[in-house]
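The values are calculated or read from the model by the stated rules, or taken from the named source; none is laboratory data. The shown structure was predicted, so the numbers you read here are calculated from the model rather than taken from an experiment. To get the accessible areas, we keep the full protein, side chains included, count just its heavy atoms, and leave off ligands, DNA and RNA. Shrake-Rupley method; radii C 1.70, N 1.55, O 1.52, S 1.80 Å.
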Amino acid sequence: MVPLPGAELVRSAVQLYRYLLRCCRCLPEGSVRQHYQHTVRQGFKVHADEDDPERIQQIIKRAIEDADWVMNK
């Protein structure tokens, strides 16, 4: 599957955060959108102290893949 538009531009945690919240805007309004917005915010709080560049890139890649799966679901 091809990632959503803009995924190729994500290089940092801040860009990923903005990208994921923009993806959430494409979801139906209501509890589904709120759930995924909350999940994105919680994920960033959990990984806020991550400082290994390789691990950060792994997290970014996985988050984009997960967002793609959710959006195509």
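Just one of the listed residues (K45, K61) is among the basic types (K, R) and more than 12 Å from the chain's Cα centre (by Cα), namely K45. Quick check on region 1-16: of everything there that is open to solvent by 70 Å² or more (accessible area, probe 1.4 Å) and outside any loop (DSSP other than H, G, I, E, B), which residue is modelled with the lowest pLDDT? Top of the filtered list is E8. Only residues that are open to solvent by 50 Å² or more (accessible area, probe 1.4 Å), under 12 Å from the mean Cα position of the chain (by Cα) and of a type in the set (S, T, N, Q) were counted across region 32-42, and they come to 2.
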